[in-house]
Every structure is written in structure tokens, then in C-alpha cells.
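The values are calculated or read from the model by the stated rules, or taken from the named source; none is laboratory data. Just so we're clear, the structure is a prediction, and the values are computed from it rather than from any experiment. When we count neighbours, we look across all protein chains shown, and the Cβ atoms used for this are built from the backbone with ideal geometry, even at glycine. Protein only, heavy atoms only, side chains kept; ligands, DNA and RNA dropped before computing areas. Shrake-Rupley method; radii C 1.70, N 1.55, O 1.52, S 1.80 Å.
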Amino acid sequence: MSVILRSTTTVLLPGTGSDDDYVYRAFSAALHDVDAEVVTPPPQPDRLVDGYLEALDNAARSGPIAVGGVSIGAAVATRWALDHPSRAVAVLAALPPWMGAPQNAPAALLARRSAHLLRREGLAAAVAQMREASPPWLAAELTRSWVGQWPSLPDAMEEAAGYVAPSCGDLERLTVPMGVAVATDDPVHPAEVGFAWVAAAPRAALRTVTLEQMGADTGVLGAACLAALQEA
């Protein structure tokens, strides 16, 4: 393995509209198998990015940490690792949403549309529409997390949709190994983004999963990230 995570605090950040419950289940089994200490801070929808950065800073006060997350969580964690090269030991990036400015990235467009729908129709109507358009397992996950983050959820979605992720040039400066996992059939987080992240970073590898696999076993996403890290 490129980095030994035994007894290493590993902070995982949720994706937009998701929560710490999901990201814990996605990563904890694989990380506990290597004796890592898993930390999954809950999102603060009224200060999403600042809350994530605060959690990372706090976790690193006692020593270097591994960082990662899903979607926007992966982007924020990777940016933090770039900004704190002496305090990070590895990155686990699941479903990276875009590279650089979001522009018209599918994940950013969906977040903006969802925020607009939530404000216009309210939580119940927005959840009903989301459930119609999502696989059952994802609908169940998001229903729980959306309800838990209401009424500040639209603010979090809009903040995430404007977040500038690491660019190709930024990723070229990443000094720690990175494991990336993508879902080959995910239209919101195109696999091409993950491949571009790996191509740019000096020490990175990628593993693939499918949405069907993620629905059948939440832990496959974290396991794929850790497997990729072993190859980085």
C-alpha cells in the first residue's frame, strides 16, 4: 500500500445534499480493515465548505491526516490536501464532480436545479420529484439527508454548485497519493472527470464501480477508493 493508514485519522466529507451517515457507511468497513480511525463530520448546510474546512483543520491538530469524501466532499478534501501538504498523507476521492470551475458540469447543474425546486415547491414536493427520478436506494438516502438538512439545504446546494475544484495544474502539485473511484454509469459524476484527476496527479490510481453495485453494497465505493490508493 502506498501509505499506511493504521491509526491514522481519516476524515471523509459528504457530497452535496448527502450526509455523514452515508459517507461513514461508504468508507468505514474498508478503512476499519486497515485499522484507520474514521471521522465523518456532519455537513453544516448554512456554511458547507467552511464547516468542512474547519473539521479538517481540527482533525489535523494532533498530527497528519488522510482526507477524502464524495463528490463536492472529495473536491474540498483534495483542495485542503493541496493547501496543507505537510498535514495530509493521502486522498480518497469518490465521484469527483468536476475539475476547476464548475461551469455546466452535470453535478453543478443538478444542484442548482434542486435548490431552485426546493425553494419554489418546498421540501415535500421536491423530495417526491427527486424520488421519481432516482434509483430506489439513492432516493432513500437523499430523502433522509434532505429532510435532515432542511431548511438550509438550498443554500448548501448553491454553495457547492459554485465551488472551484482543483484544476489540472493544481492536481499536478499534489504530493500525496490519491485513490479515485468513479461510477461508470453515473451521469451526474462523469467517469471522465475521475480519469482526468488521475491523469493530472503525480501519484494516483483509479477503480470503477457501478450505481447498481453501490445500491447493493454501500461499502463498495470506499473499498474502490482504498484499492486505488494501494496502486497509487
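Relative contact order of the chain: 25 percent, from C-alpha pairs under 8 Å at least 6 residues apart in sequence. From the Kirkwood radius over Cα pairs of region 6-65, Stokes-Einstein at 4 °C and 1.567 mPa s returns a whole-number translational diffusion coefficient of 109 µm²/s.
Structural descriptor for region 145-232: relative contact order 30 percent, calculated from alpha carbon pairs under 8 angstrom and at least 6 residues apart.
Net charge in the neighbourhood of THR40 (other residues with Cβ under 13 Å of its Cβ; Lys, Arg +1, Asp, Glu -1) is -3.
Binning the C-alpha pair distances of the chain at 5 Å intervals from 0 yields a P(r) profile of 1, 8, 16, 21, 21, 17, 9, 4, 2, 0 %, listed from the shortest bin outward. The residues neighbouring LEU211, those whose beta-carbon lies less than 11 Å from its own, together hold a net charge of -3 under the Lys/Arg +1, Asp/Glu -1 convention.
Local charge for LEU123 was computed over the other residues whose Cβ lies under 14 Å away, with Lys and Arg +1 and Asp and Glu -1, and equals +2.
For the chain, the solvent-accessible area with a 1.4 angstrom probe is 41 square angstrom per residue.
In whole percent, how big is the carbon plus sulfur part of the accessible area of the chain, probe 1.4 Å, protein atoms only? That fraction is 52 percent.
Between THR9 and GLU37, ALA66, the built amide H atoms are under 5 Å apart, and every one of these is 5 or more places off in sequence or on another chain.
Binning all Cα-Cα separations of region 119-202 at 5 Å, short to long from zero, yields these whole-percent fractions: 3, 12, 16, 18, 17, 14, 12, 8, 2, 0. A probe of 1.4 angstrom, applied to the heavy atoms of all protein chains, finds MET99 with accessible area near 60 square angstrom.
Each part reduced to its alpha carbon centroid, region 146-182 and region 33-59 end up 13 Å apart. Considering only alpha-carbon pairs that sit under 8 angstrom and 6 or more positions apart, the relative contact order computed for region 20-94 is 25 percent.
Between HIS116 and ARG25, what FRET efficiency follows from the Cβ-Cβ distance if R0 is 41 Å, with the result rounded to 0.05? The formula returns an efficiency of 0.90 here.
Counting only protein chain heavy atoms and rolling a 1.4 Å probe, the accessible areas of THR16, THR175 rank, largest first, as THR175, THR16.
A Förster radius of 41 Å combined with the Cβ-Cβ distance from SER167 to ALA125 puts the calculated FRET efficiency at roughly 0.65. A DSSP coil position with no more than 14 other Cβ atoms inside 10 Å describes the following trypsin sites (Lys or Arg not before Pro) in region 157-213: ARG173.
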